[in-house]
Amino acid sequence: MIGRRRLDPHIHALAELGAEIDIGDRFELRTPGLRGKHIFLDEASVMATENTVMAAVLTPGETVIGNAACEPHIQDLCRFLVTLGAQIEGIESNVLRIRGVDSLSGGEWRICPEHIEVGSFVGLAAVTGGDVTIDGVEPRDLAAILPVFERLGVHVEIEGTSLHVPPDQELVIRDDLGGQIPKIEDGPWPAFTADLTSIAVIVATQARGTVLIFEKMFESRLFFVDKLVSMGARIILCDPHRAVVTGPAKLYGQQMSSPDIRAGMAMLLAALCADGTSTIGNIGEIDRGYERIDERLRSLGARIERIEA
């Protein structure tokens, strides 16, 4: 678990629209009818924003969502709804203005590429020295991600919708001005996405230099680094939100268990660049975020197999 995941912004937003919600042994929701409202989310929650948008598009009147999350997949949802007849303004911003319509029509839509998965494969190529090309990317969705990889010494080449990670790169952490230790910190979009913090940690273990990783959003996400330390990584966990990583470190195979989606993927990257054999349990967590990951890694040359426990 990466930490507590609050339901409060979901519940409060729907209540503002007119839903009546009883919280007891289970959530019970009913309404005589929703109405447009100005809403300020107390957390820029991705799913709370999406739930509120989907409720508001068919709610009479105007709904304004302040402090809305604006990650690429939320933008994609809003654009999809617009093609079905919804009226949404402010897409790409943290203020969404929605005018309710009577009904939506059918339509076709191609789901946007997953920027977190793209970033994970960039990290994979970097730590293994592989020559990897990722087709079908959306470069503007990587605007906050690629500079962080550059800070860790990872160079990528983009041409159109194709991203290439050249092989055998010498990873050197780029210091801040004046030779100061750099900091990688996450935050709500368009800051560096929290879901790639775990990937940044493992890349940092293979780069020459020292970096501070500052995970602001989830109080337990960095706890998985003890598994990397057992593999040989040089990491000091300062507190639940901060870790100092010094590299490069020689990693050795280990038996581990995935605590969450992103930590599991980071462990997988560590295993692929480590000496020896690693075994990772609870891989259902990894499967939640990375479809057929073992098959796709084998296609890149990885020696990986899925076994029954």
* Structure fact -> Per the list (1) closer than 20 Å to Leu196 by Cβ; (2) within 22 Å of the chain's Cα centre (by Cα); (3) buried (at least 18 other Cβ atoms within 10 Å of the Cβ); (4) not basic (Lys, Arg), residue check on Thr133 breaks on (3)
* Just wondering, is there one or more residues in region 23-39 that are open to solvent by less than 50 Å² (accessible area, probe 1.4 Å), assigned to a loop (DSSP other than H, G, I, E, B), at pLDDT 90 or above and in contact with a Lys or Arg (Cβ under 7 Å, 6 or more places away or on another chain)? -> no
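Rundown of residues vs (1) part of a strand (DSSP E or B); (2) open to solvent by 60 Å² or more (accessible area, probe 1.4 Å); (3) under 18 Å from Ala207 (Cβ atoms), yes/no style:
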| site | (1), (2), (3) |
| --- | --- |
| Val225 | no, no, yes |
| Val245 | yes, no, yes |
| Met256 | yes, no, no |
| Arg262 | no, no, no |
| Leu269 | no, no, yes |
| Thr277 | no, yes, no |
| Ile304 | no, no, no |
| Ala309 | no, yes, no |
* Answer from Asp102, Asp8, Asp76 - the residue that is exposed (fewer than 15 other Cβ atoms within 10 Å of the Cβ) and more than 30 Å from Val225 (Cβ to Cβ) -> Asp102
* Select from region 288-298 the residues that are out of contact with any helix residue (DSSP H, G or I) (no Cβ under 7 Å at 6 or more places or on another chain), part of a helix (DSSP H, G or I) and either among the charged types (D, E, K, R) or free of Cβ contacts under 8 Å to residues at least 24 places away in the same chain (or both) and list them in ascending order. => Asp294, Glu295, Arg296, Arg298
* Given the conditions (1) farther than 22 Å from Ile74 by Cα; (2) open to solvent by 20 Å² or more (accessible area, probe 1.4 Å), which single one is not true for Arg110? -> (1)
* Taking region 186-208, which residues are at pLDDT 95 or above, outside any loop (DSSP other than H, G, I, E, B) and open to solvent by 10 Å² or more (accessible area, probe 1.4 Å)? -> Arg208
* **Failed item, numbered, when Asp239 is tested on (1) touching a strand residue (DSSP E or B) at 6+ places or on another chain (Cβ under 9 Å); (2) loosely packed, with under 15 Cβ neighbours inside 10 Å** => (1)
* Asked: Which of the residues spanning region 118-166 are within 24 Å of Cys70 (Cα to Cα) and assigned to a loop (DSSP other than H, G, I, E, B)?
  -> Gly136, Val137, Glu138, Ala143, Ala144, Ile145, Gly160, Thr161
* To do: Can you work out which of the residues in region 7-22 that are touching a Lys or Arg at 6+ places or on another chain (Cβ under 6 Å) and in a loop (DSSP other than H, G, I, E, B) is nearest to Met47 (Cα to Cα)?
  => Leu17
* What are the residues in region 49-65 that are in a helix (DSSP H, G or I) and either out of contact with any strand residue (DSSP E or B) (no Cβ under 9 Å at 6 or more places or on another chain) or surrounded by fewer than 16 Cβ atoms within 10 Å (Cβ to Cβ) (or both), if any? -> Glu50, Asn51, Met54
* Asked: Looking at region 79-93, which of the residues that are more than 16 Å from Asn51 (Cβ to Cβ) and out of contact with any Lys or Arg (no Cβ under 6 Å at 6 or more places or on another chain) is surrounded by the most Cβ atoms within 10 Å (Cβ to Cβ)?
  -> Ile91
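The values are calculated or read from the model by the stated rules, or taken from the named source; none is laboratory data. It should be emphasised that the depicted structure is a prediction, and the values quoted were computed from it without experimental measurement. Cβ sites come from the backbone with ideal geometry, for glycine too, and all protein chains shown count toward neighbours. Just the protein is used for accessible areas: all its heavy atoms, side chains included, with ligands, DNA and RNA removed. Shrake-Rupley method; radii C 1.70, N 1.55, O 1.52, S 1.80 Å.
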